[in-house]
Amino acid sequence: MPWEAFVYGGIAAMTAEAVTFPIDMSKTRLQIQGQIADPRLSALKYRGMLHTLATVAKEEGIGSLFRGAKFALLRQGTYGTIRLGIYYNVKRVFEKSCEGGIMPSHYLVLLGATAGVIGSFVTTPTDVMRVRMQANFQSTSPGLLRAFLRVRETEGIKGLYRGAIPNAQRAAIVNGVQIPTYDVTKRNLIAAGFSDSKSTHFGSSLFAGFLGSCFSQPIDVAKTRMMNQNLIHDKQVTLYKGVVDTLIATAKHEGIGALWKGFIPTFSRLGPWNVCFFMTYEQLKAFDCWRRGTDEITF
């Protein structure tokens, strides 16, 4: 398999994550508040993305907006590498045997979902740490190794994979929608007469981010809440027993709309994240063509 899709995918993912990380932090804070079973989070402290960002910056400092960024960058460096590398390499192989060299959309969805599940499972421990650092109201955070060891000592290996199932389900939905939507939208725009330009990449990636947000938000809420549950009053407490239980409990106690809690910051992040990611990835593809002195894209 060509290495470029793996390496450039990781670079593009880390770039997008660094640019949009504060928005992701606000999404996490909005999603975990209002949980009746956890007295620390029962109050509705934040009233939206901008209010969350302003409140956290005022009460905890500007640096708190980037709390957990090292875990997020570590995750995207591996997750982005795995999912993009698998998706585009497998897609390229199968397209050779497809009519017209175009892989059917439903196969693209299945391929994107599979690549997302594999990548998310491998990187779940880093995602657990990212969520907990973002939900942490303290001004300091431990180093990478110390944070992993602390969870392992207090909660065992299972603690590092808490929320792995909803994480994989969300990854399947996001990648099954997001990447194929970008590819198909870009292909159709070019077929309709638009050039393979930055404006085409921008529109395709923004639309992919919107659909990804719509389909993945309930699972994302469940994932965030399951990952954040750990110790309450020095006792091991399991607030949610699984994805379905989390979704039912959230809808029952907070209303069905709570399943889309944090949608605005989710799309406000996923939209720009997709734009930054795919446009960076397209520029890296152009760079690779320049590096090899050819117009042929090999990944």
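The values are calculated or read from the model by the stated rules, or taken from the named source; none is laboratory data. None of the values given here were measured: they were computed from a predicted structure. Glycine gets a Cβ as well: all are built from the backbone with ideal geometry, and neighbour counts include every protein chain shown. Calculation scope for accessible area: heavy atoms of the full protein, side chains included, ligands and nucleic acids excluded. Shrake-Rupley method; radii C 1.70, N 1.55, O 1.52, S 1.80 Å.
Annotations
- Note on residue 55 and residue 294: their simple-model spin labels are 5.6 nm apart, each label 7 Å out from Cα toward Cβ.
- Here's the list of lysines a cross-link from residue 241 could span, going by alpha-carbon distance under 17 Å and ignoring same-chain residues fewer than 8 apart: 158, 223, 252.
- Take the chain with all the other protein chains still there, run a 1.4 Å probe, and you get 46 Å² of accessible area per residue.
- Max mean-square fluctuation residue, GNM over the chain, Cα-Cα springs under 10 Å, options 17, 153, 254: 153
- Once the mean of 1/r is taken over each pair of separate Cα atoms and inverted, the stretch 109-212 shows a Kirkwood hydrodynamic radius of 15.8 Å.
- The chain - percent relative contact order, Cα under 8 Å, separation 6 or more: 25
- Among 162, 146, 92, the residue with the largest mean-square fluctuation in a Gaussian network model of the chain, with springs joining Cα atoms closer than 10 Å, is 146.
- Value at 222 nm in deg cm²/dmol, rounded to 500, when DSSP H runs of n ≥ 4 in the chain each add -39,500 (n - 2.57): -25000 deg cm²/dmol
- Here the Gaussian network model covers the chain, with springs between Cα atoms less than 10 Å apart; of 179, 157, 219, 157 fluctuates the most.
- Approximate spin-label separation residue 260-residue 98, in nm, with each point projected 7 Å along Cα-to-Cβ: 3.1
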